[in-house]
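Working notes for the structure below.
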Amino acid sequence: MPITVQYASTREEIYRWYLKLWKQKIWKVHLLIFCVPIFLIALPMVVGKKPVDIENILGSIAAGAGLVGLMWAYPLLMFKPSPRTVTADESGITTSIGKKSASRKWAEIGAINESAEGGVIISVRSGSAIIIPPRAFYSAKIRADFVEAARNWHRAA
């Protein structure tokens, strides 16, 4: 039997999720992206083929910082405050916001976790996530039933 919840996310919830994910693993990607422009500019200077140019080094640091800043801004810029509907059933998760909708099979889902605040985070293997805040559930029992059913369907897939 499908389970459906409706809610509207806030930028704060999206930011908190991204910060948690950043602390777990994304910081490594950001560090690499920050360092690549510096490495590309500094390498010829280190091997002696080019004189040291502080302006280029500072420019590459700014470029790296700008790229990392864009990665931080992306989830907040792509944020949609419109009401969202999420339905979970035996085949997977379906979500819709206004006229846009998407479906994911359980095989595409990486994990179903509960947040410290009582929400549910459904992580997609591609790196995105569906963040369902606690207020989407009328009671703790309904949230627990949703999580249990989703995890059972996910394991069975």
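Read the figures in this text as sums done on the coordinates, not as results from a lab. Just so it is clear, the model here is predicted, and its values are computed rather than measured. Quick reminder, even Gly has a Cβ in these numbers, built from the backbone with ideal geometry, and neighbours come from all protein chains shown.
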Next on the checklist: I'd like the orientation of helix 27-46 relative to the chain: the angle between its Cα long axis and the longest Cα principal axis, in ° from 0 to 90, rounded to 10.
Outcome noted: 10 degrees
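Could you work out the relative contact order of the chain, using alpha carbon pairs under 8 angstrom and six or more residues apart, expressed as a whole percent?
Details: 191 pairs, mean separation 40.0, N = 157.
Reported as a whole number, the value is 25 percent.
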Item to check | Rounded to 10°, Cα long-axis angle of helix 54-77 versus longest principal axis of the chain | outcome: 10 degrees
Checklist entry - Which angle from 0 to 90°, rounded to the nearest 10, does the C-alpha axis of helix 140-156 make with the longest principal axis of the chain? => result 70 degrees
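For residue 80, what is the net charge nearby, where nearby means another residue's Cβ is under 11 Å from its Cβ and Lys, Arg count +1, Asp, Glu -1?
Numbers: positive: 11, 84, 100; negative: none.
Net of charged neighbours comes to +3.
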Next on the checklist: Can you tell me which lysines have their Cα less than 28 Å from the Cα of residue 105? Leave out same-chain residues fewer than eight positions away.
Outcome noted: 20, 23, 25, 80, 141
Checklist entry - Which whole-number percent is the relative contact order of the stretch 11-77 (Cα, under 8 Å, 6+ apart)? => result 46 percent
Checklist outcome for this item: Here the net charge surrounding residue 95, from other residues whose Cβ is less than 14 Å away from its Cβ (Lys, Arg +1; Asp, Glu -1), is +4
Checklist outcome for this item: residue 18 neighbourhood, Cβ < 12 Å, K/R = +1, D/E = -1, net charge +3
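Within the chain, what's the longest stretch lacking trypsin sites (Lys or Arg not before Pro) that sit in DSSP loops with no more than 14 other Cβ atoms inside 10 Å?
Values: sites that count: 49, 99, 125.
After excluding every exposed loop site, the longest remaining stretch is 50-98.
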Checklist entry - Tell me, which longest segment in the chain has none of the GluC sites (Glu not before Pro) that fall in DSSP loops with at most 15 further Cβ atoms within 10 Å? => result 1-89
Checklist outcome for this item: So for R0 = 35 Å, FRET eff. of residue 116-residue 49 from the Cβ-Cβ r, to 0.05, ends up at 0.10
